[in-house]
Amino acid sequence: MRIAIVAAASLGLAAQAWAAPPPLDDYGKLPAVDGMKISPAGDLLAFIAPDGDRQQVRISKVGGAPLVNLSVGDLKVRDVEWLGEGHLLVQASRADKADPSSFIRPVVEITESTIVDVATGKSAAVFHDDPHILPATFGYYGYGEIGGKTYGFFAGQPLSDSGSSASSFHNQIGYMTIGHANLYRVDLDTGRGEKVAGGSDLYRTDWVVGRDGGVAAHAEYQTKTGEWRLYADPDDRQTIMRADDPTGNVDLLSLGRSQGTVLVRMPASAAGGDWRFVEFPETAGAAGEDLFGDFGVRDVIVAPRTGLLLGAASTDQRTIQMFDPKLQGRYDAVRKAFPGETVGFVSASDNFGQLVVRTTGPGDSGTYFFVDLTAGKANAVGWNYPTILQGDVAEVREVNYKAADGLEIEGLLTLPPGRPAKNLPLVVMPHGGPEDRDYAGFDWWAQAFASRGYAVFQPNFRGSDGFGKAFRDAGFGQWGRKMQTDISDGVDALAKQGLVDPKRACIAGISYGGYAALAGVTVQQGLYRCAVSIGGIGNLNDLMKWDQLRTGEQSETMRIEKQMMGVGSIGDPSVAAYSPQRLAAKADAPILLMYGADDTVVDPKQSLDMAGALKSAGKPVQLVALPGEDHWLSRQTGRIAVVKASVDFVVKNNPPD
């Protein structure tokens, strides 16, 4: 199959001679088009678009004018999903201010789900008109048709006493039954729910719902013991399987390849990949079947109409694996139409005849294509960063090197446009997580630095996801130790190749990357001219204390953190040697600290205390608060502020020329 690509100069993809770079604001802006999904019939597109510092959701005919523009106010849209043909689900979140007297969780991030009627443009917020359920959702479990009517299925928190549909977590007439989520069948036109399955105060419950509206299976996870169970019946009498899951990694994902089966994600063995994806029949004691082998799975792909499993997209976003050879052949034809590009699967119509894919690669800052396999055409329908044209997109290379102990590590090197790849000034940018990874493609922050003349190095150090369980587990107990030296070993390797000048390097990161940046100039010495930490961690004991207050002493969160830190208790004194705040007097370079005031993942006090420790030690430090911003930099004003402040700081302390 041959596919003709419509992507001419009029679409903004033409090459240009590199000259003055775009304004820094252009790199910090939210994507102009994001999260695009195609309807089951293949004739409508839904996507997220910026509306100043806010967002809106748009629905349009393929190649036509918008049908619906939905403003979401101060909500931050996380995803859109089609609920059959006539309705769209919009999932968004907001920071909810807690009781000012609360020292445990001053801010919580809650999810709200809104259902849009495509024909009328009217919307209904799930649970907002129900006096007995908190007006927030705690999981979406698909949709189903019952008696010719389509319903959505959501987890909700019941309110005891009278409750109030206008209430919040901390200011309500009734009160929330803490930890208790039920499954509700929700009317798509009103947002009102009817309970179909109960949860438990002792367990965290997940469900899989078939397109017939029936609960196919459910799972229960006991946080205190770490035991995970999969049941085929609502009365917990037919146990399909059990697992010891101390760190909360086992997940019930979806239906399997056929009716009467479900898919479970489980950690792999030490010799295998990161994860196993096992299909279980809905039968007590049934044996499961591994489906994807060594194929690294990032997302599973299900059929819109049936909800059955079709295949999966890879962790590197470069391919998909389909069970049906015909569907595999169709997608392979799409990939061949974009040579040299990373082609990410986004969504497909019922018959897989129309697809939405997202490309990124040389000269491409992120483009959505509508692919009509019947017509053999691919049309560009949206651009993430339309003002950053081909000549402004920095080249991204994969690099491989060995750590000091011989471990093979992969990283990414972004090269500044218009400059030879030789002896370049460097920004080292470790990722967050730390069980995450960086992918080849357009990274808005890395590209902003590259536009100003810097090479940007993003190492996937030990402990990163996507390289096998053994590689990920090698990070346990290595915060500030081998995970840190993996980063500087990569700088040494690039320097030996003549690509970068190690004497002209700064380090910058977000979340765990922010910790690594701080550790780079406190735990380590003599490596970097400056450090930038966004929502980073300065005190490891305080991180564990804060998370224990929020999640409980016997939570999987605490088991994970202790495992990662290599400690037995939150007060373990050994981590002081790897806590930048405790080592502030050793800081050997200027530090920029930025934090979101509404961060619910890393306590903003981490940045405040780090700044205080540096000032007391007489060390140069800048502290910048981002009002209304969260851990993920979801606001456009926050992202632009981060780009401007961080680039200006690096240019001042490590000039590119």
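Okay, residues lined up against (1) assigned to a strand (DSSP E or B); (2) among the polar types (S, T, N, Q); (3) touching a residue at least 12 places away in the same chain (Cβ under 8 Å); (4) open to solvent by 50 Å² or more (accessible area, probe 1.4 Å):
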position: GLY307; (1), (2), (3), (4): no, no, yes, no
position: GLY311; (1), (2), (3), (4): yes, no, yes, no
position: GLN328; (1), (2), (3), (4): no, yes, yes, no
position: PRO339; (1), (2), (3), (4): no, no, no, yes
position: ASP350; (1), (2), (3), (4): no, no, yes, yes
position: THR360; (1), (2), (3), (4): yes, yes, yes, no
position: GLY366; (1), (2), (3), (4): yes, no, yes, no
position: PHE370; (1), (2), (3), (4): yes, no, yes, no
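For (1) touching a helix residue (DSSP H, G or I) at 6+ places or on another chain (Cβ under 7 Å); (2) surrounded by 22 or more Cβ atoms within 10 Å (Cβ to Cβ); (3) closer than 13 Å to THR315 by Cβ, each residue gets a yes or a no:
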| position | (1), (2), (3) |
| --- | --- |
| ALA440 | no, no, yes |
| TRP444 | yes, no, no |
| PHE449 | yes, yes, no |
| GLN458 | yes, yes, no |
| PHE461 | yes, yes, no |
| ASP465 | yes, no, yes |
| ALA470 | no, no, no |
| PHE476 | yes, no, no |
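Out of MET565, MET558, MET544, report the one residue that is in contact (Cβ under 8 Å) with a residue 60 or more places away in the chain and of a type outside the set (Asp, Glu).
Going through MET565, MET558, MET544 in turn, the sole match is MET565.
Going through THR223, THR283 one at a time, which residue ends up being in contact with a Ser or Thr (Cβ under 8 Å, 6 or more places away or on another chain) and of a type in the set (Ser, Thr, Tyr)?
None of the others qualify; the one that does is THR223.
Looking at the stretch 1-88, what strands (runs of 3 or more DSSP E) fall wholly within it and have at least 1 residues that are modelled with pLDDT of 90 or more and of a type in the set (Lys, Arg)? Can you show your working first?
Numbers: elements: 4-6, 34-38, 44-51, 54-61, 66-71, 76-83.
Answer list for the stretch 1-88: 34-38, 54-61, 76-83.
Of all residues in the stretch 510-545, count the ones that are within 14 Å of MET483 (Cα to Cα) and either open to solvent by 10 Å² or more (accessible area, probe 1.4 Å) or assigned to a strand (DSSP E or B) (or both). Break it down into steps so the answer makes sense when it comes.
Of the stretch 510-545, the ones within 14 Å of MET483 (Cα to Cα) are 512-520, 523-524.
The next check asks that each one be either open to solvent by 10 Å² or more (accessible area, probe 1.4 Å) or assigned to a strand (DSSP E or B) (or both); those that pass are 523-524.
Number of matching residues: 2.
Take the conditions at pLDDT below 95, at negative phi and among the small types (Gly, Ala, Ser) and apply them to SER533. Does it pass?
Criteria not met by SER533.
Within the stretch 324-331, is there a residue that is of a type in the set (D, E, K, R), under 25 Å from the mean Cα position of the chain (by Cα) and within 18 Å of ILE5 (Cα to Cα)?
Among the residues of the stretch 324-331, not one is of a type in the set (D, E, K, R), under 25 Å from the mean Cα position of the chain (by Cα) and within 18 Å of ILE5 (Cα to Cα), which makes the answer no.
Could you say which residue among VAL208, VAL186 is modelled with pLDDT of 90 or more, surrounded by 21 or more Cβ atoms within 10 Å (Cβ to Cβ), at negative phi and within 25 Å of the chain's Cα centre (by Cα)? Walk me through how you get there before you give the answer.
Numbers: VAL186 fails: within 25 Å of the chain's Cα centre (by Cα).
Checking each option against the conditions leaves just VAL208.
Quick one: in the stretch 228-243, of everything that is part of a loop (DSSP other than H, G, I, E, B) and open to solvent by 60 Å² or more (accessible area, probe 1.4 Å), which residue is modelled with the highest pLDDT?
Among those that are part of a loop (DSSP other than H, G, I, E, B) and open to solvent by 60 Å² or more (accessible area, probe 1.4 Å), it is GLN238.
For the stretch 498-556, enumerate the residues that are touching a Gly at 6+ places or on another chain (Cβ under 8 Å) and of a type in the set (S, T, N, Q).
SER511, SER533, ASN541
Please go through the stretch 396-406 and pick out each residue that is in a strand (DSSP E or B) and surrounded by 15 or more Cβ atoms within 10 Å (Cβ to Cβ).
VAL396, VAL399, TYR401
Kindly check whether there is at least one residue in the stretch 282-301 that is acidic (Asp, Glu) and in contact (Cβ under 8 Å) with a residue 60 or more places away in the chain.
Yes: one or more hits.
The values are calculated or read from the model by the stated rules, or taken from the named source; none is laboratory data. For clarity, every value in this text was computed on a predicted model and none was experimentally measured. Heads up, the Cβs are rebuilt from the backbone with ideal geometry, glycines too, and the neighbour counts pull from every protein chain shown. Side chains are part of the model used for accessible areas, which takes the heavy atoms of the whole protein and leaves out ligands, DNA and RNA. Shrake-Rupley method; radii C 1.70, N 1.55, O 1.52, S 1.80 Å.
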